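Written out below as structure tokens is the structure these notes cover.
The values are calculated or read from the model by the stated rules, or taken from the named source; none is laboratory data. Just so it is clear, the structure is predicted and the values come from calculations on it, not from any experiment. Neighbour counts are summed over all protein chains in view; Cβ atoms, including those assigned to glycine, are modelled from backbone coordinates with ideal geometry. What goes into the accessible areas is simple: the full protein's heavy atoms, side chains included, and nothing from ligands, DNA or RNA. Shrake-Rupley method; radii C 1.70, N 1.55, O 1.52, S 1.80 Å.
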Amino acid sequence: MVDTNGTTDGAVVRVCTGSASLTPARAALTAARDEATSASVVEVGPIGIGDLDPLVLVTADATTAFHPNPSAEEVRELVRHVEDGDVSTDTAHAVVEHEPDPSLLPLPNDGPLAVGKRRILARAGWAVPDDTPGGADSETELVTERVRNDPDAAVERVRKVGLLGRGRGDGSTDEPVIEEWDRARDTHERTGDDPVLVVNANESDVRNWTDRILFESVPAEVIDGALAVAELVGAEDVICYCNESDVLARERLQAAVDMLSERLERSMRPQVIVGPDQYIAGEMTMALEAMEGNDRLEARLRPPTPAQHGLYGRPTVIHTPRTLAQIRELLLRPEAFDADDADPGTRLVTVSGDVAAPSTVELSTSGSLSAIREVVTLAGPFKMACVGGQFGGLTRTLEYPPSAPALLGAGLGTEGAVELFSDSRCAVATAGKRARFAEDENCGRCVPCREGSVQLTTLLRNVYSGDYDDGALRELTRVMRTTSTCDFGRGAARPVTTAMDEFETEFYAHADGRCPSGECEEV
């Protein structure tokens, strides 16, 4: 038997299932269920480490063994053994001895699961996704129930710590979330319009699985955080805005919404709606355009911010699942957050690129980004990384804290996605592909982005023709960065400027007709 917090009576086999490896994971789950007679077989969410997918965790007698990538027959054998009291330690990737019936994932002392600090991912891969989230003092306490009892203290806690928003789709990206909360409350008092809370989970960048991991593994914790924020800003309406392609995440989210709404006796249940699978649809103001049913998505001018004039003109607070999970953690465990930190809390980072399988890890903002090298298998010698997703910055080193001030100060992105590239990759080609993406996918509203991305692509093509105009490229990227309406245009310049800063000799080499890495077949 498995209760609502993932604790068990007797032997249990957990199968981690997520959209990244859904077919083999479901095959492992079926094999385990077919074989089990006395052991409990539980479907849990993904653990985040791609090299281990699909992962099967076998627990008995306060010991858990981690078995990555087992075949169906191997899963059946694991079930047979655990029903005899053997967790198959000889064939396990890792074995952890722990207290009986832990509510959090028992972590090995080494290997990819030992990297970083698993706080908001503490129950990922261990608890059933739509179960009641655990709390600080009680395994079934909800942060929403806490803030109802003392909302002023909760607001002041967030204000004192200065928690920053996470992700490009957040209404407070890399800024203190309390500022948008204050604007929403002030707008409500001035106009009488009721605030709205939007959970923006529409991320189409395949490099970034951070929000998707949360919805597939611990959606109830995200919704608990969302409902708590709704209480604090006075929002009755809560809207979860998802990508139309994220079917599994949406299913688990809906189950969590139904469970928590019933538990909290909330008259207005959060709505789960879908938006288009387009990169621009995740930008906070274009997300509002999509939710209002507009066929053509265009960025809105700011100010006013969404908290002042958002969905259908109402004050709207927009947070990503990552931000809401951090807010929930802060309200439950304030001792884990240092108000003196420039970026309190942790940051989720998805690592992809020239790796065997992408992984998502949770890092302390006071640690080092270089720790991500330990969670993936890189194909070839490391050459460079693109830090910040689609419009991230190129760098030769990862020796930076993964905090927003540190990354922005280094000219890198804070989106929570890092690509690791081997020495077979070309910096000029990498920057060029992202410039073309900006040209093809921009919304078309503002001239600096619409025309600037066309000129940017042209100038980069000219490099291959022998004309590398460093001054023109730098002036164009400066204009795009400082005058574009939204972060799409501002960020589109970053891959090019950082590539020129870090790999200037490669630009001159291409102008001379050769590609040092060999990626560009014809220069």
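Pairs of C-alpha atoms in region 206-258 farther apart than 17 Å represent 35 percent of all such pairs. Along the axis of the charge dipole computed for region 297-443 (Cβ charges of +1 for Lys and Arg, -1 for Asp and Glu, origin at the Cα centre), the listed residues SER370, THR346, ALA429 are led at the positive end by ALA429. Using the alpha carbons alone, the radius of gyration of region 60-199 stands to its Kirkwood radius in an Rg to Rh ratio of 1.13.
Label-to-label distance for SER424 and ALA357 is 2.0 nm, based on points extended 7 Å past Cα in the beta-carbon direction.
Cα-based radius of gyration for region 281-394, normalised by 2.2 N^0.38 Å, reads 1.37. When the solvent-accessible area of region 229-298 is split by element, carbon and sulfur atoms take up 40 percent of it, the probe being 1.4 Å. Simple rule: put +1 on each Lys or Arg Cβ and -1 on each Asp or Glu Cβ in the chain, find the dipole, and look at SER484, LEU113, VAL147; the Cα lying farthest toward the positive end is SER484. Scoring 116-129, 19-32 by mean Cβ neighbours within 10 Å over their residues and listing the highest first yields 116-129, 19-32.
How would you classify region 364-463 from its alpha-carbon gyration tensor, with a ≥ b ≥ c the square roots of the eigenvalues: rounded for a/c under 1.5, else prolate if a/b is greater than b/c, otherwise oblate? Note, shape of region 364-463 comes out oblate. Using bins of 10 Å that start at zero, the share of Cα-Cα pairs per bin across region 450-523 amounts to 20, 50, 25, 5, in whole %.
Probing with 1.4 Å while keeping every protein chain in the model, the per residue accessible area of region 3-119 equals 42 Å². Gain on full extension, evaluated as 0.36 nm per residue between ASP340 and ASP295 minus their Cα-Cα distance, stands at 11.7 nm. Considering only the Cα atoms of the chain, their convex hull presents on average a projected area of 23.9 nm². Lysines near LYS117 by alpha-carbon distance under 28 Å, same-chain residues fewer than 8 away left out - which ones? In chain and number order, the partners are LYS160, LYS383. The length gained by stretching the chain between ASN109 and GLU156 to full extension, at 0.36 nm per residue less their Cα-Cα distance, is 13.3 nm.
The string of couplings for region 280-286 from the Karplus curve (6.51, -1.76, 1.60, θ = phi - 60°) is 5, 5, x, 5, 4, 7, 6 Hz, one whole number per residue in order, with x for Gly and Pro. Looking at region 203-307, the trypsin sites (Lys or Arg not before Pro) that sit in a DSSP loop and have at most 11 other Cβ atoms within 10 Å of their own Cβ are ARG296. How charged is the neighbourhood of GLY45? Take every other residue with its Cβ under 14 Å from the Cβ of GLY45, and add Lys/Arg as +1 and Asp/Glu as -1. Charge balance in the 14 Å sphere: -2.
Remark: the chain carries a charge dipole of roughly 1340 debye about the Cα centre, counting +1 on each Lys and Arg Cβ and -1 on each Asp and Glu Cβ.
At 0.36 nm per residue, and after removing the present C-alpha to C-alpha distance, how many nm does the segment from LEU22 to ALA472 gain when stretched out fully?
Additional length available on full extension: 157.3 nm.
The residues of region 352-423 present an accessible area of 30 Å² per residue when probed at 1.4 Å with all protein chains retained.
As a fraction of the 1.4 Å probe accessible area of region 370-519, surface on carbon and sulfur atoms comes out at 46 percent.
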